[in-house]
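Shown next, in structure tokens, is the structure this report addresses.
The values are calculated or read from the model by the stated rules, or taken from the named source; none is laboratory data. Since the model is a prediction, treat every value here as computed from it, not as a measurement. Counting neighbours? That spans all protein chains shown, and the Cβs are built from the backbone with ideal geometry, glycine included. For accessibility, only protein heavy atoms count, side chains too; no ligands or nucleic acids. Shrake-Rupley method; radii C 1.70, N 1.55, O 1.52, S 1.80 Å.
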Amino acid sequence: MKKLQLTAIFLSLLLLLAACGTPNKETAANASKDKVQKIIVGTGTQFPNICFLDNKGNLTGYDVELVKEIDKRLPNYKFEFKTMDFSNLLLSLESNKIDLVAHQMEVNEERKQKFLFNKEPYNIFPLHVVVSEKNTSIKSIKDLSGKKVIVGATSNSANLIDKYNKEHGNKINIVYSGQGSDDTKTQLKTGRADATISTPFAVDFVNKQADAEQKVVGPAISNSKVYFMFNKKDEKLKSEVDQTIKKLKKDGTLKKLSTKWLGEDYTVQN
């Protein structure tokens with residue numbers, strides 16, 4: 001009798017230990033969920049075809065949809081967007097309010113001192129001289145001497161034309177518009193400015209959306225590669241994003257996104 005009682009007690013202990021050691025489905029799901037790291041992605045809403053609000057107020061564009069595709073392929077992360085003015089993106093990254101910047105970022109020495117760039121570029125950023133469709137006197141950057149050129153302050157375009165102007169005797173009258181301002185297309189259309197510096201896909205966008213009557217002239221004056229920017233501590237995230245971009249290039253997804261949003265394949269196949 002005692003043996004039977006001891007056996008029963010022993011079996012009961014085994015069952016109890018098994019129950020304690022085996023998590024239920026809800027516990028397992030929660031544990032799995034806890035392992036997913038949230039990544040806050042800083043971007044803008046005023047960059048045509050790249051990151052902007054559509055007619056329903058939804059955030060979309062090439063950089064936005066690329067991040068969403070990366071999110072699908074990295075189940076250990078959850079990417080969430082936080083929109084802000086371009087001028088606040090780097091400050092937010094530096095103060096750890098965001099983890100990643102998606103806004104067609106170019107590498108420069110000042111940025112490299114503070115932040116990480118991934119190694120795999122996801123497209124090139126072709127900048128051209130842009131004028132009114134009615135303008136027949138400006139055919140390339142060489143024709144901008146004595147002309148008024150309007151560009152967004154702190155933009156890639158501003159940096160490029162400022163540098164060119166300094167190297168060529170400061171003969172161009174450069175003025176600056178606010179980020180996301182309609183001032184550029186208004187001044188070009190009315191003739192108050194002679195030119196701006198922009199991309200073919202941005203010109204296509206404003207012509208379709210606002211009848212801006214702009215055209216691209218001359219060859220590209222810059223074909224910079226663009227990257228995502230990260231906090232210095234996020235080497236692991238940077239590496240995983242790089243590997244994902246390579247896969248997106250290899251399977252043709254990146255080319256499809258570029259063609260859809262930018263009008264042709266601007267991806268960097270290297």
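Things to note:
- Residue that is surrounded by the fewest Cβ atoms within 10 Å (Cβ to Cβ), among those in the stretch 44-67 that are among the polar types (S, T, N, Q) and farther than 18 Å from residue 92 by Cα: 55
- Residue count for the stretch 155-174, restricted to those that are open to solvent by 40 Å² or more (accessible area, probe 1.4 Å) and of a type in the set (A, V, I, L, M): 1.
- Residue count, the stretch 196-237 (criterion: more than 20 Å from residue 145 (Cβ to Cβ), hydroxyl-bearing (Ser, Thr, Tyr) and either at pLDDT 95 or above or open to solvent by 40 Å² or more (accessible area, probe 1.4 Å) (or both)): 1
- Among the candidates 137, 92, 157, the residue that is touching a strand residue (DSSP E or B) at 6+ places or on another chain (Cβ under 6 Å), outside any strand (DSSP E or B) and either modelled with pLDDT of 95 or more or within 21 Å of residue 38 (Cα to Cα) (or both) is uniquely 92.
- When residue 193 is tested against (1) surrounded by fewer than 19 Cβ atoms within 10 Å (Cβ to Cβ); (2) outside any strand (DSSP E or B); (3) touching a strand residue (DSSP E or B) at 6+ places or on another chain (Cβ under 7 Å); (4) at pLDDT 95 or above, exactly one condition is not met: (1).
- The stretch 140-154, residues that are of a type outside the set (S, T, N, Q) and either open to solvent by less than 30 Å² (accessible area, probe 1.4 Å) or at pLDDT 95 or above (or both): 141, 142, 143, 144, 146, 147, 148, 149, 150, 151, 152
- The set of residues in the stretch 81-97 being under 13 Å from the mean Cα position of the chain (by Cα) and under 27 Å from residue 253 (Cβ atoms) consists of 81, 82, 83, 86, 89.
- Any hit, the stretch 105-121, residues being within 11 Å of the chain's Cα centre (by Cα) and of a type in the set (D, E, K, R): yes
- Hey, residue 114 touching a residue at least 40 places away in the same chain (Cβ under 8 Å) and open to solvent by 60 Å² or more (accessible area, probe 1.4 Å) or not: yes
- Selection status of residue 76, at positive phi, surrounded by fewer than 18 Cβ atoms within 10 Å (Cβ to Cβ), out of contact with any Phe, Trp or Tyr (no Cβ under 8 Å at 6 or more places or on another chain) and touching a residue at least 40 places away in the same chain (Cβ under 8 Å): no
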